[in-house]
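S.K.: Input: one structure, supplied below.
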Amino acid sequence: VTAVIEYDGKEINPPYTSDATVDVLDRDTVNNVSKISEANEAADTLGAGYRFTVEGVVTSNTTGYDSNTGFFDCVYIQDETGGLCIFPVSGTYKVGDRVRVTGHTDFYQGERELQVVDIEWIEEAEEPAPREVTAKQINDCEVTGELISLTGTVESYEVVNGLIQTIMVKDENGDVARVFIDGYICKDEEVQNLSVGAKVNVVGLASYDDTFNAPEGPFPRIRIRDRKEIRVLEDEVEYHIIEGADSSWYKGSTNELLIASDAPNSEFVATYVDGKKLSEGIDYRRESGSTRIYLFPSYLESLSGGAHSIEIGSKKGSAYTKFYIKTKPVQHVTTSSYVVPETGDR
């Protein structure tokens, strides 16, 4: 675009210019939804700037939904063919949301991503189970963008600003993968009982960062979305819900909802609903005699109707169940105003 400017009756015509980028699309492909693997392949073979529309289930929260477990300005999504980082994303998208995203292939710190032009929420869906992988699959970038699980022993770990940031984990094949925790992830909660030589299971997003320890690396990594998803296995205990499993609460009720774990109350860590940490004293109260959680009616009223997951976290393990928010059905009473005349006439 070139502009000719007139001022005080005189034309001023230096090279005032501005540039814009325009997508030129085949009209037959405008609304096509591609598999995530197709966008990944285009990024790997063709590079940046190629437009795709993909659909997937969100596998990490936005900071707008939960500042403790969300990555800044991005989420990861996944379909049956693979996973991908999506940037920029704001709002309150959460794990389990199905979304449709249109954007362009790009890279950040060497990791492929889709630069968002438009994002649309479709529905709530089931979160994909983490894929069990080896350290070699991570290091070879075979699963980048996917929600994964790795089991191994701690080779070493690094503390930055008082929090664990990097953990090197060796799997049963002898290969080592890097685990990375952003400093803002669960900054008030540390990984419990971590030590060199401990056996751990790690759940997170397969990611990549070529600025880490450049040029030596390693650049592939597991990006942690919640510190409690790094579990020291020897210390883990399987706890159970002993009261309130699969219980229901009706909108408008003034009753608290009790859900109790058999874990000792002295080892209580936190309560999570749908993966989001609740505030004790605001969302619920707690009593001893195992761990007894009473969800407040004011909190329950804020939840949408349907099933919700709850986790009662303790130092050595967690207990899980679901509860249901329901609306009481309206009861209709049918009456008749017809009175039969004494004469028997209709």
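The values are calculated or read from the model by the stated rules, or taken from the named source; none is laboratory data. All values derive from a computational prediction rather than experimental measurement. Every residue, glycine as well, gets a Cβ built from its backbone with ideal geometry; the counts of neighbours run over all protein chains shown. Remember, those area values only see protein heavy atoms, side chains included, never the ligands or the DNA or RNA. Shrake-Rupley method; radii C 1.70, N 1.55, O 1.52, S 1.80 Å.
S.K.: If the only charges are +1 at each Lys and Arg Cβ and -1 at each Asp and Glu Cβ, what is the size of the charge dipole of the chain around the Cα centre, to the nearest 20 debye?
M.R.: Numbers: 32 positive and 60 negative charges, 206 e Å.
Roughly 1000 debye for the chain.
S.K.: For E124 and A3, what is the calculated FRET efficiency with R₀ set at 51 Å and r taken between the beta-carbons, to the nearest 0.05? All intermediate terms of the calculation are to be shown ahead of the outcome.
M.R.: Numbers: r = 49 Å, r/R0 = 0.96.
The computed FRET efficiency comes out at 0.55.
S.K.: Additional query: To make sure I understand the rule: partners must be aspartates and glutamates, Cα under 12 Å from the Cα of K276, and not fewer than 8 residues away in the same chain. Which ones qualify?
M.R.: K276 reaches D66, D226, E311.
S.K.: Output ³J(HN,Hα) for the stretch 214-221: one whole-Hz value per residue in order, computed from phi by the Karplus curve 6.51 cos²θ - 1.76 cosθ + 1.60 with θ = phi - 60°, and x for Gly and Pro.
M.R.: Calculated HN-Hα couplings, in order: 5, x, 6, x, x, 7, x, 7 Hz.
S.K.: Probe radius 1.4 Å, ligands and nucleic acids left out: which of V159, V58 has the largest accessible area, and how do the rest follow?
M.R.: The ordering from most to least exposed comes out as V159, V58.
S.K.: While we're on this one: Would the chain count as rounded, prolate or oblate if I go by the C-alpha gyration tensor, calling it rounded below 1.5 in a/c and otherwise prolate when a/b exceeds b/c, oblate otherwise? Please list the in-between numbers first.
M.R.: Details: a/c = 2.24, a/b = 1.20, b/c = 1.86.
Cα axes put the chain in the oblate bin.
S.K.: Normalised by the number of residues in the chain, what is the relative contact order in percent for Cα pairs under 8 Å and 6+ residues apart? All intermediate terms of the calculation are to be shown ahead of the outcome.
M.R.: Details: 768 pairs, mean separation 35.8, N = 346.
With pairs under 8 Å counted, the relative contact order is 10 percent.
S.K.: Which pairs break 24 Å Cα to Cα here: K228/K326; K136/K277; K251/K322; K35/K322?
M.R.: K228/K326; K136/K277; K35/K322
S.K.: Leaving ligands, DNA and RNA out of it, work out the accessible area of T134 with a 1.4 Å probe and give it in Å² to the nearest 10.
M.R.: For T134, the solvent-accessible surface is approximately 40 Å².
S.K.: Mind putting a number on the dipole of the stretch 208-330 about its Cα centre? Charges go on the C-beta only, +1 for Lys and Arg and -1 for Asp and Glu, and I need it in Debye to the nearest 20.
M.R.: Values: 17 positive and 20 negative charges, 93 e Å.
So the magnitude is around 440 debye.
S.K.: Tell me the accessible surface of Y250 in square angstrom (1.4 angstrom probe, heavy atoms of protein chains only), to the nearest ten.
M.R.: That residue has around 80 Å² of solvent-accessible surface.
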